[in-house]
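Let me give you the structure first, and then I'll get to my questions.
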Amino acid sequence: MPTIRVELFEGRTPEQKKALVQALTQACVETIGSKAESVDILLFDIAPSNWATGGELWSEKKKG
């Protein structure tokens, strides 16, 4: 039973999340032979103010 944890910036629509979990589930079925009903996927929406790369919060990065 694979469990996939996905951390991404908040703001995706329910439709985008649905497409993502369907694609990830199908990838598990095709690549490792999992049954679709055994694939668990956990989605975590993270605010840019709670995510940093290289010591800089994404909420403070300059756009463009």
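Read-outs: derived from the displayed coordinates by stated rules, not from any lab. All of these numbers come straight from a predicted model, not from anything done at the bench. Reconstructed Cβ throughout: ideal geometry from the backbone, glycine too, with neighbour counts over all protein chains shown.
Rank-order 19-26, 42-49 by packing density, defined as the average count of other C-beta atoms within 10 Å over each peptide's residues, highest first.
Listed from highest to lowest mean packing, they are 19-26, 42-49.
Using Cα-Cα distances under 8 Å and only pairs 6 or more residues apart, what relative contact order does the stretch 1-44 have, in percent?
68 percent.
Something else: Provide the three semi-axes, in whole Å and in decreasing order, of the ellipsoid equivalent to the chain as defined by the square roots of 5 times the Cα gyration tensor eigenvalues.
Those come to 30, 12, 9 Å.
Taking neighbour counts of Cβ atoms within 10 Å as a proxy for exposure, in what order, fewest first, do VAL39, VAL6 appear?
VAL6, VAL39
Angle check, please: helix 14-32 long axis (alpha carbons) against the longest principal axis of the chain (alpha carbons), in degrees 0 to 90, nearest 10.
50
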